[in-house]
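See below for the structure under consideration.
The values are calculated or read from the model by the stated rules, or taken from the named source; none is laboratory data. Keep in mind the model is a prediction, meaning the values are calculated, not measured. Cβ sites come from the backbone with ideal geometry, for glycine too, and all protein chains shown count toward neighbours.
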Amino acid sequence: MATDYYQTLGVERNASGDDIKRAFRRAAHKHHPDKQNGNEAKFKEANEAYQILSNKEKRAQYDQFGQTFEGGGGPGGTGAGPGFAGSPFGGGGAQAGTFTQEDLGEIFGDLFGFGRRSRSRVNKRGDDIEVRLDLEFNEAAFGVEKEFEFSKLAPCEVCKGSGDTSGKLKTCPTCSGKGVIRQMTQTILGAMARERVCHDCHGEGRIPTSPCQTCSGQGRTRITEKLKIKVPPGINEGQIIRLAGQGDVGARGGTPGDILVMVRVKPSKQFTRDGSDVNTRIELEYPQLVLGDTIQIQGLQGKLELDIPTGTQPGTTMRLKGEGATLLRNAEKRGDMYVELIQMTPKKVTPEERTLLEQLAAVRGKTLQKKKRGFFR
């Protein structure tokens, strides 16, 4: 049975990253196998849930595909090209259910009072930015070029991203250039040494000599930017397009994060999608079903002709090959359109129509009586 990671940690599906971290800390503290009443199985379940839900890209994939997204990794690809979370374009990642060194230091250092040796330098990669992109039904089916506006952190134009107007950095006096501060903590096991990233230099070991007044020495300022994106044909609701290197820039010369474009497709009044296949329904009069007919129906890109065979039963589904949406990974092919035929029963009839229907009912009744007599002979 598939596991609900949100239920495992006891959080709502819209829980923030901090809520998820706090919930995991509680679960880890309660179930840790080294404790007297620990539960190793539940500890592992909480660990696996945290590894997925604490990662933005893995969480987005899990929300879309559940546990069938094959273990994580964010949308793949490098450069400006798009990658799709939960698709063959996705990248790899850390195996779910395993701890990184950062997790051990941050989570269990707080729980049990011990710590790991922190990295001497922080990862200066900027944050990813999530952007919602609304598409019309046909835009998603056949692709479109869209422009959207967003806010991000970009290199400061005054100090060119260095955070210092003099062009020189000096050794951080707080950590003596080490980037970390060593602290001693008393625990039940005795004194434990722990190192934390220096809050003054953010782990760099150096600080600006003359901090830039425009960016407060951070080397980055917030701007509003417009960006055009080519949405590939066949994309569907909930999929993610990744734009590498277009997100927030890291502090003082750090590398930029990515933009994750969350696709939302507006519902169509006439069509629904199942992958690249499209479904629709049309209403037909009783004579059309009985006698057959050739009609025109609305397709995705104009009118289509549909032949109704004689004696078609209500609820029959007919297929129009190649009239669906474009295949996501093969722009030269399209899915099919499935048309469900519904019999329309009029709520009111004219006197002339009533007379004709009564005559038809009488004829049909005689025919049925003959069939019954023939059956009992």
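Please state which of the following conditions K366 fails to meet, knowing it meets all the rest: (1) assigned to a helix (DSSP H, G or I); (2) at pLDDT 95 or above.
(2)
Those residues that are surrounded by fewer than 15 Cβ atoms within 10 Å (Cβ to Cβ) and either in contact with a Pro (Cβ under 8 Å, 6 or more places away or on another chain) or within 30 Å of R252 (Cα to Cα) (or both), I need them from region 132-156; list them, please.
R132, E147, E149, S151
Hey, can you tell me all the residues within region 244-285 that are out of contact with any Ser or Thr (no Cβ under 8 Å at 6 or more places or on another chain), charged (D, E, K, R) and in a loop (DSSP other than H, G, I, E, B)?
Answer for region 244-285, where residues must be out of contact with any Ser or Thr (no Cβ under 8 Å at 6 or more places or on another chain), charged (D, E, K, R) and in a loop (DSSP other than H, G, I, E, B): D248, D258, K266, K269, E285.
How many residues, within region 157-211, are closer than 16 Å to A251 by Cα, part of a strand (DSSP E or B) and not acidic (D, E)?
Qualifying residue count, region 157-211: 6.
Considering only residues that are under 26 Å from E136 (Cβ atoms) and exposed (fewer than 12 other Cβ atoms within 10 Å of the Cβ), which ones fall in region 289-303?
If the condition is that a residue be under 26 Å from E136 (Cβ atoms) and exposed (fewer than 12 other Cβ atoms within 10 Å of the Cβ), then Q296, Q301, G302, K303 are the ones that fit.
Cβ-Cβ distance below 8 Å, separation of 6 or more or different chains: which pairs start in region 228-251 with a residue that is closer than 12 Å to V144 by Cβ and end on one that is assigned to a loop (DSSP other than H, G, I, E, B) and basic (K, R)?
G234/R329
If S268 satisfies all but one of (1) among the polar types (S, T, N, Q); (2) at pLDDT below 85; (3) touching a helix residue (DSSP H, G or I) at 6+ places or on another chain (Cβ under 6 Å), what's the number of the condition it fails?
Of the numbered conditions (1) among the polar types (S, T, N, Q); (2) at pLDDT below 85; (3) touching a helix residue (DSSP H, G or I) at 6+ places or on another chain (Cβ under 6 Å), the odd one out for S268 is (2).
Name every residue in region 148-186 that is free of Cβ contacts under 8 Å to residues at least 24 places away in the same chain and of a type in the set (A, V, I, L, M, F, W, C), in order of residue number.
I181, M184, listed by residue number.
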